[in-house]
Structures are given as structure tokens and as C-alpha cells.
1. For segment 34-60, which positions are in a loop (DSSP other than H, G, I, E, B) and either among the acidic types (Asp, Glu) or touching a residue at least 12 places away in the same chain (Cβ under 8 Å) (or both)?
2. I'm trying to understand the selection: among the residues of segment 155-192, which are among the β-branched types (Val, Ile, Thr), buried (at least 17 other Cβ atoms within 10 Å of the Cβ) and within 11 Å of the ligand (Cβ to nearest atom)?
3. Just for segment 142-154: of the residues that are more than 16 Å from the ligand (Cβ to nearest atom) and within 19 Å of the chain's Cα centre (by Cα), which one is farthest from residue 107 (Cα to Cα)?
4. Tell me the residue from 126, 98, 75 that is touching a helix residue (DSSP H, G or I) at 6+ places or on another chain (Cβ under 8 Å) and not basic (Lys, Arg), please.
5. What number of residues within segment 113-154 are open to solvent by 10 Å² or more (accessible area, probe 1.4 Å), within 29 Å of residue 75 (Cβ to Cβ) and not in a helix (DSSP H, G or I)?
6. Tell me, which residue of segment 10-25 that is in a helix (DSSP H, G or I) and in contact with a strand residue (DSSP E or B) (Cβ under 7 Å, 6 or more places away or on another chain) is surrounded by the most Cβ atoms within 10 Å (Cβ to Cβ)?
7. Out of all the residues in segment 61-102, which are under 22 Å from residue 30 (Cβ atoms) and not in a helix (DSSP H, G or I)?
8. Just one of (1) of a type in the set (D, E, K, R); (2) over 21 Å from residue 171 (Cβ atoms); (3) more than 9 Å from the ligand (Cβ to nearest atom) trips up residue 21, so point out which.
Amino acid sequence: MKVLVIGASGTIGGAVANAFDAAGHEVLRASRNGDHKVDIANPDSIRTLFESVGKVDAVVSCAGAAVFKPATELADEDLDLVIRDKLLGNVNLLRFGADSVNDNGCFIFTSGIFSQQPMPGVPAIAMVNGALESFARAAALDMPRGVRVNAVSPPFIKETAVMMGMEGGYPAAENAKAYVQVATGSETGQVVFPGP
Ligand SMILES: NC(=O)c1ccc[n+]([C@@H]2O[C@H](COP(=O)([O-])OP(=O)(O)OC[C@H]3O[C@@H](n4cnc5c(N)ncnc54)[C@H](OP(=O)(O)O)[C@@H]3O)[C@@H](O)[C@H]2O)c1
């Protein structure tokens, strides 16, 4: 498979790109500063990306901005950022990229644990994660040519925990296996929850 990974330089996306690579797939690594340049918050940038990469079998997005603030402290700019970047950015990948995905190909979005199991300070990211999961479930029903749409909802990742000086978390490499399973499987309209 030819797999376009967006956010491929990140903690989750880097492990996902490596997992597809290790499984023998061709991987195109994209991000704002990556081999293939894209800013998902900019619709024209997404259109340009798909024009430049041509046809692919899977679009795997591991990109999306997060804002950690209590609900009562969220500013207009915070909400605009998460909606324009993580939510509409991923929605636009599907809108502008559908014709670039081969028959029976797939989209995989990355939502996150906070949509289902929030903690204080995460309402903005919980909101867009939940919306992205709902979009994946519903958009799957509209796709032509056998194209599948799913979301992976990672738990708190071990490497992220280490960066934050915390303990615990699920290894990014283990989390990445779920993406390869979904891309090579047959499910659609699902939210997949990796974890121990
Ligand atoms: N880490 C966790 O514990 C965890 C758990 C559950 C869910 N999530 C979700 O998973 C996603 C990825 O998290 P992460 O921890 O891997 O983040 P990360 O390490 O900060 O990596 C983000 C990746 O996305 C790219 N990126 C950021 N903004 C972009 C944009 N507007 N357009 C295109 N690419 C962009 C970055 O590269 P450039 O800077 O080159 O663009 C980088 O490759 C986030 O949506 C996060 O909410 C994370």
C-alpha cells in the first residue's frame, strides 16, 4: 500500500509511519515541516498536498492541535484553533482527498482518549475528538468505491508522558500497530481504542 501519513514527525505519527514502513508499505511522510509539506489548518495547503502526491491507498492523519485549559478559561482563539486545525483540518483531508484515494482505500483519523474519558482542563480537545469520531462514523456511510473511514483513539502515550515528566502511558510503537491493522482490515465507520 501507498500510505500518506500526516503528522509523521510527531510522537504518534512517527511511530505510525515506522510501523507501516516495517510492514512493507510505501510511506509518504507529511507535516508542516516534513518531506511533503502540508498545514491541515489551511485548505489550500491540503489541496496542494493531494495534487503533489497523486493517488494513495491510505490517508492516515496523526495531526491536530490541542488546547489544555479549563472550560471557563477558553478564549475564542483557543476554540478557533482546535476547530480549524484538528477538526476541520481532518474533515478537509477527507473532503479534498477522497478522489486521491484508490478504490477500497481508507482514511484513518486520530482522535484521543479525552473524548470518552476526560480529565479536568481538556474540554476543547475532548470536544473536537468527539466530533472527529462522529464525523468518521457518519462519513463512512457516504464514501464511494469501497473507501473506508475510521478513527483511532489513542490512550495517553508513554513518550508523551516522559516528555511531561510523568509516569505511565502506552508505548507509541504499540499504539501504532492499531493503525496498520485498521488500514489492512475491513472495518469502516469505527472508532478503535488501542491499549493494554
Ligand atoms: N500524545 C498523546 O498522548 C496523545 C493521546 C491521544 C491523542 N493524541 C492526539 O494525537 C495527535 C498527535 O499527537 P502527538 O502527541 O503525536 O503530537 P506531536 O508529537 O506534537 O506531533 C504532531 C505532528 O503533527 C504535525 N502537525 C502539527 N500541526 C500540524 C498542521 N496544522 N498541519 C500538518 N501537520 C501538523 C507535526 O509536525 P510539524 O510541526 O512539522 O507540522 C507533527 O508531525 C494530536 O491530535 C493529539 O491530540 C495524542
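1. As a first pass, look at segment 34-60 and keep what is in a loop (DSSP other than H, G, I, E, B): 34-35, 38-42, 54-55.
Across segment 34-60, the qualifying residues are 34, 35, 38, 39, 40, 41, 54, 55.
2. Residues of segment 155-192 among the β-branched types (Val, Ile, Thr): 157, 160, 162, 180, 182, 184, 188, 191-192.
Filter again for buried (at least 17 other Cβ atoms within 10 Å of the Cβ), leaving 157, 180, 182, 188, 191-192.
Answer for segment 155-192, where residues must be among the β-branched types (Val, Ile, Thr), buried (at least 17 other Cβ atoms within 10 Å of the Cβ) and within 11 Å of the ligand (Cβ to nearest atom): just 157.
3. Pass one, segment 142-154, residues more than 16 Å from the ligand (Cβ to nearest atom): 142-149.
If we keep only those that are within 19 Å of the chain's Cα centre (by Cα) too, we end up with 143, 147-149.
Numbers: 143: 10, 147: 8, 148: 6, 149: 5 Å.
Restricting to residues being more than 16 Å from the ligand (Cβ to nearest atom) and within 19 Å of the chain's Cα centre (by Cα), the top hit is 143.
4. Details: 98 fails: touching a helix residue (DSSP H, G or I) at 6+ places or on another chain (Cβ under 8 Å); 75 fails: touching a helix residue (DSSP H, G or I) at 6+ places or on another chain (Cβ under 8 Å).
From the options 126, 98, 75, the qualifying one is 126.
5. Matching residues across segment 113-154 total 6.
6. Step one: filter segment 10-25 for residues in a helix (DSSP H, G or I), giving 11-22.
Pick out the ones that are also in contact with a strand residue (DSSP E or B) (Cβ under 7 Å, 6 or more places away or on another chain) and you get 11-13, 16-17, 20-21.
Working: 11: 18, 12: 23, 13: 25, 16: 33, 17: 28, 20: 24, 21: 14.
This residue is 16.
7. To start, the set of residues in segment 61-102 that are under 22 Å from residue 30 (Cβ atoms) comprises 61-66, 81-102.
Within segment 61-102, 61, 62, 63, 64, 65, 66, 101, 102 qualify.
8. Among (1) of a type in the set (D, E, K, R); (2) over 21 Å from residue 171 (Cβ atoms); (3) more than 9 Å from the ligand (Cβ to nearest atom), the lone unmet condition for residue 21 is (2).
The values are calculated or read from the model by the stated rules, or taken from the named source; none is laboratory data. For clarity, every value in this text was computed on a predicted model and none was experimentally measured. A quick note on method: Cβ atoms are made from the backbone with ideal geometry, for glycine too, and the neighbour counts reach across all protein chains shown. Ligands, DNA and RNA are excluded from the accessible area calculation, which covers all protein heavy atoms including side chains. Shrake-Rupley method; radii C 1.70, N 1.55, O 1.52, S 1.80 Å.
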